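A quick write-up on the structure given underneath.
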Amino acid sequence: MNTTIDLIKTQSPLIHNITNYVVMNNTANALLAIGASPVMAHAIEEVEDITMISSSLVINMGTLSKSWVAAMEQAMKKAKANGIPIVFDPVGVGASNYRTQTALHLAETYQPDVIRGNASEIMALAQLSSNTKGVDSTIDSNNAVDAASTLSRKLNNTIVISGATDYIVTGDKIEEITGGSAMMPKITGMGCTATSIIGACVAVNKDIHKGARDGMEIMSKAGEQAESKSNGPGSFQMNFIDALFQLT
């Protein structure tokens with residue numbers, strides 16, 4: 001049976017990322033390393049066309065602006081109408097009223113197939129907490145599992161909580177992924193990279209929960225392998241891309 005990695009390498013799915021300025025290069029290289037094809041198109045004039053030729057849509061609201069939110073909505077609406085999987089990263093939700101209201105609107109209106117965030121972001125999205133510090137979590141991942149389960153049932157989707165232990169939650173179905181590396185939080189955009197990797201996995205998996213789980217397992221395994229060869233965050237970032245490329 002083909003693994004998710006095999007399917008990505010064989011099918012080379014086109015992953016449409018409407019993401020933030022900080023992580024475009026990181027996430028594009030990560031997708032290329034595992035065999036997917038990234039496209040980073042955010043102009044409202046073309047997002048619908050690009051979405052229609054893509055295998056999944058990744059929405060990341062790290063650097064918000066009015067025009068980008070409009071483009072996100074156009075793309076999500078088109079993806080939803082055509083059965084194209086949507087993966088949503090509510091970066092920093094809870095840090096500002098604008099960010100929180102945007103995240104709530106996108107999540108409730110378009111009900112993404114997967115939402116990935118850290119514990120603080122997931123709890124803020126579930127409106128159970130506003131205790132967030134930018135993109136960094138102030139809450140351990142295990143403390144957000146109940147919120148994730150509630151949010152999953154409300155939106156009929158899969159919620160992924162990133163942390164020292166990752167949780168993949170679909171209603172009452174909860175799986176854990178351990179491993180990774182303590183260096184990962186020291187590099188900008190690793191969570192955003194995880195979201196894009198999940199985008200590639202759900203592009204080749206009809207089982208959304210499995211795709212989300214496989215995406216986080218890929219991140220964990222690559223993180224472990226990169227750490228064994230790294231002296232610090234700089235070399236880790238390079239070795240992480242190599243590890244993604246070498247995964248089987």
Can you give the FRET efficiency for ASN25 and GLU108, using 1/(1 + (r/R0)^6), R0 = 30 Å, r = Cβ-Cβ distance, to the nearest 0.05? 0.45
Here the tail fraction of P(r) beyond 26 Å, over all Cα-Cα pairs of the stretch 63-210, rounds in percent to 17 percent
By how many nm would the segment from SER235 to SER67 grow when fully extended, if each residue of separation counts as 0.36 nm and the alpha-carbon distance is taken off? 56.9 nm
In the calculated pair distance distribution of the chain, what percentage of Cα-Cα distances lie above 32 Å? 11 percent
How long are the semi-axes of the equivalent ellipsoid of the stretch 1-101, taking √(5λ) for every eigenvalue λ of the Cα gyration tensor, in whole Å from largest down? 24, 16, 12
State whether the stretch 143-239 is rounded, prolate or oblate according to the following rule on the C-alpha gyration tensor (a ≥ b ≥ c being the square roots of its eigenvalues): a/c under 1.5 gives rounded; otherwise a/b larger than b/c gives prolate, and the remaining case gives oblate. prolate
Pairs LYS66/LYS210; LYS186/LYS206; LYS78/LYS186; LYS77/LYS206; LYS173/LYS221; LYS80/LYS186: which are spaced more than 29 Å apart, C-alpha to C-alpha? LYS66/LYS210; LYS186/LYS206; LYS78/LYS186; LYS80/LYS186
Please list the non-local residues whose amide H lies under 5 Å from the amide H of SER37, H modeled 1.01 Å from N, same-chain partners needing a gap of 5 or more. LEU14, ILE15
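All of the numbers you see were taken from the coordinates with simple rules; none came from a lab. Just so it is clear, the model here is predicted, and its values are computed rather than measured. Ideal geometry is used to build each Cβ from the backbone, glycine not excepted, and the neighbour counts take in all protein chains shown.
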